[in-house]
Amino acid sequence: MNNREKYKRAFSVLHASQETDWEAIMKTSREHNMRKTGTKLLLAAVLVSLLAITASAAGVRLMQGWGGNMEVLSVEGGMEVHVHTDNLTEPVEIRDGRMWFVVNGENRDITDEISQTEAFTYTFMDEQGITHYWVLGLNGEELENYGYAEYLKSDTWQGGYSARVNDNPDGTTDAVWLERWKQENNCPW
Amino acid sequence: MRLETQALAEQYRDRLFAAAFQVCGNAADAEDAAQEALLRYHLSDKEFENQEHIRAWLLRVAVNWAKNISRSFWRRNTLPLEEYMETLEFDCQESREIFREVMALPEKYRLVIHLYYYEDYSVEEIGRILGIRVSNVKVRLSRGRQMLKATLQEVWDDE
């Protein structure tokens, strides 16, 4: 028996679960089709959640999101979070019908990795040791109709913002890709 | 060309799972990655040249999704590999050893090893699926083989 045969024999023990959740796939497919016909005009909506406060010297910028979109500043008695909704640095560029992810020096074609139901995600740690989580998805059929969220996490603070999505009264958004990602990753926002 | 998703699932589900397993190292995340690849295909209206083109596309999506899961900070608790191996039915000790030593390889080596030995892809095809140069594929394949030879010794033939 050669190496290839040995390898195949060894890994032939791996089997996916017998029951593919077709009901879930069909349900997701129906939701996808409903959203295609019920697309609303999306505003640049931003939310911020602040979960912990650590005292620090006032006026110090404690951390910032990529592109300066979000800043966390120390103030007397706590922190202030600023999100520059009027001038957000976009995480993607649309070139020749393709979507390119440009955060953190990347230049990555993510056109085939993003949809209305599945998010593209990216994680990196900056020089301050802050972990950034990027989540991107589509809000319609066109690539230009995208939304995104950036979450920051340190030892003492975690928070984030989402952009180009609509908020529901119950605190969720109408972005299927973002709500699925939050649920699958036990994201606290 | 398009094929029915359910037919593709029956044919490729286990192979997508096995490829994603090389990235994730656990069954739960590999299961998610395999299902996501099929779901993306189902929701896409992309046309393919032939069935091999579909297979390569599914594998690339499953591997990329598995990489996203692996990097996620909020990934759920999963069964350790050794405990999962106890649930698998190996037909001989040699298979168990090969499985263990391959899973002990760095992810970038074992993924190339898997696509080469299990999926029978050429180094050029592996480069296209993973989006890396052929020279990198050859280096990873060579280093993976060297490491397997060092740990498995006579169980793994020289190539």
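Here B:D91 meets each of (1) within 29 Å of A:W181 (Cβ to Cβ); (2) at pLDDT below 95; (3) at the interface with chain A (Cβ under 8 Å from one of its Cβ atoms) with one exception, condition (1).
When you go through (1) in contact with a Ser or Thr (Cβ under 8 Å, 6 or more places away or on another chain); (2) facing another protein chain (nearest Cβ under 9 Å) one by one for B:E101, which number turns out not to apply? Tallying (1) in contact with a Ser or Thr (Cβ under 8 Å, 6 or more places away or on another chain); (2) facing another protein chain (nearest Cβ under 9 Å), B:E101 fails exactly one: (2).
For every residue, the table says whether it meets (1) touching a residue at least 40 places away in the same chain (Cβ under 8 Å); (2) in contact with a helix residue (DSSP H, G or I) (Cβ under 6 Å, 6 or more places away or on another chain); (3) more than 13 Å from chain B (Cβ to nearest Cβ); (4) assigned to a loop (DSSP other than H, G, I, E, B).
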residue: A:E93; (1), (2), (3), (4): no, no, yes, no
residue: A:M99; (1), (2), (3), (4): yes, yes, yes, no
residue: A:T121; (1), (2), (3), (4): yes, yes, no, no
residue: A:F124; (1), (2), (3), (4): no, yes, no, no
residue: A:Q128; (1), (2), (3), (4): yes, no, yes, yes
residue: A:G137; (1), (2), (3), (4): yes, yes, no, no
residue: A:E141; (1), (2), (3), (4): yes, no, no, yes
residue: A:E144; (1), (2), (3), (4): yes, no, yes, yes
residue: A:Y148; (1), (2), (3), (4): yes, no, yes, no
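The residues in region A:123-152 that are hydroxyl-bearing (S, T, Y) and out of contact with any His (no Cβ under 8 Å at 6 or more places or on another chain) can be counted, and the count is 4.
Of the residues making up region B:105-120, those that are crowded, with 21+ Cβ neighbours inside 10 Å and either touching a His at 6+ places or on another chain (Cβ under 8 Å) or not hydrophobic (A, V, I, L, M, F, W, C) (or both) are B:Y109, B:R110, B:H114, B:Y116, B:Y117.
You will find that of B:Y41, B:Y84, the residue that is in a helix (DSSP H, G or I), modelled with pLDDT of 90 or more and farther than 18 Å from B:L130 by Cβ is B:Y84 and no other. Selection of region B:150-159 for residues being crowded, with 17+ Cβ neighbours inside 10 Å and more than 8 Å from chain A (Cβ to nearest Cβ) yields only B:L152. Give me the pairs, please: first residue somewhere in region B:130-159 and of a type in the set (G, A, S), second residue anywhere and buried (at least 19 other Cβ atoms within 10 Å of the Cβ) and assigned to a loop (DSSP other than H, G, I, E, B), beta-carbon distance under 7 Å, and either six or more positions apart or on two chains. Listed pairs, sorted by first residue: B:G144/B:L105.
Of all the listed residues (B:E31, B:E10, B:E36, B:E47), the sole one being of a type in the set (D, E, K, R), surrounded by 16 or more Cβ atoms within 10 Å (Cβ to Cβ) and at pLDDT 85 or above is B:E31.
The values are calculated or read from the model by the stated rules, or taken from the named source; none is laboratory data. Computed from a predicted model, the values in this text were never measured in an experiment. Every residue, glycine as well, gets a Cβ built from its backbone with ideal geometry; the counts of neighbours run over all protein chains shown.
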